[in-house]
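J.: Structure provided below as structure tokens; questions to follow.
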Amino acid sequence: MIILTNNASQELAPGQSLTFNTEILHTGCAECHRTGSGAVTLRMQQAIYEIFFKANIGSTTAATPAQFTIFLNGSPMGETTMVSTTVAVGDLNNVACDTGVRTCCCGPEIITLANNGETTIVVENPLLKIKRVA
């Protein structure tokens, strides 16, 4: 299992990935992360992972949706798209999602989180937890 966060507020332009600078907990070797990057490698083949993410997000433009998604190998996982619309710039809402991933036999899988909306967003207090369950 790995639990990551970033203690700094991040502004992400459309398409830009979130980075993590703090490893809260890391057990075993089923997941791998390089500090300061946004990618987590799921190293075990033919495995099932639970992915949980939460953060406070908001748009840098008033009344514009902030959109954030988990990506698997560079492709968005549609069921993980989180959308938050705030009234004023600087307002943030808490978003969260929980999903599962089955890795294939072809090699490691890469998890990233990115702004897949059309406006710059602010992300604060992110928490990413990835745990191999089978």
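J.: State to the nearest 20 debye the size of the charge dipole of the range 2-132 about its Cα centre, where the only charges are +1 on K and R beta carbons and -1 on D and E beta carbons.
T.: So the magnitude is around 400 debye.
J.: Could you rank the peptides 116-126, 42-52, 93-103 by their average count of other C-beta atoms within 10 Å per residue, with the highest value first?
T.: 116-126, 42-52, 93-103
J.: Evaluate the distance, in nm, between pseudo-label points positioned 7 Å from the Cα of LEU25 and of ALA62 along their respective Cα→Cβ axes.
T.: 4.2
J.: So what are the ³J(HN,Hα) numbers for the range 62-75, from phi and the Karplus equation (6.51, -1.76, 1.60; θ = phi - 60°), rounded to whole Hz, Gly and Pro as x?
T.: 4, 6, 10, x, 9, 10, 9, 9, 8, 10, 10, 6, x, 10
J.: At a threshold of 8 angstrom on Cα-Cα distance, excluding pairs fewer than six apart, so keeping six or more, what relative contact order does the range 52-134 reach in percent?
T.: Over the range 52-134, the number comes to 45 percent.
J.: Let me ask something else. Can you give the net charge of the other residues whose Cβ lies under 11 Å from the Cβ of ASN56, counting K and R as +1 and D and E as -1?
T.: Residues close to ASN56 contribute a combined charge of -1.
J.: Hey, another quick one. With each label point set 7 Å from Cα along the Cα-Cβ vector, what nm distance links VAL89 and ALA47?
T.: So the two model labels end up 4.4 nm from each other.
J.: With a point put 7 Å past each Cα toward its Cβ, work out how far MET77 is from GLU124 in nm, to one decimal.
T.: 2.7
J.: Taking every eigenvalue of the Cα gyration tensor of the chain, multiplying by 5 and rooting it, what semi-axes result, largest first, whole Å?
T.: After scaling each eigenvalue by five and taking roots: 27, 15, 12 Å.
J.: Taking amide H positions as placed 1.01 Å from N in the peptide plane, with prolines and chain starts having none, which residues 5 or more places from ALA66, or on another chain, fall under 5 Å of its amide H?
T.: Amide H to amide H, under 5 Å and 5 or more residues apart or across chains, ALA66 pairs with SER59, SER84, THR85, THR86.
J.: Take peptides 86-92, 69-75 and line them up by average Cβ neighbours within 10 Å, highest first, as a rough protection proxy.
T.: By packing density, highest mean first, the sequence is 69-75, 86-92.
Rule-based calculations on the coordinates, nothing more; no lab input. Just so we're clear, the structure is a prediction, and the values are computed from it rather than from any experiment. Because the Cβ atoms are built from the backbone with ideal geometry, glycine has one as well, and the counts that use them run over all protein chains shown.
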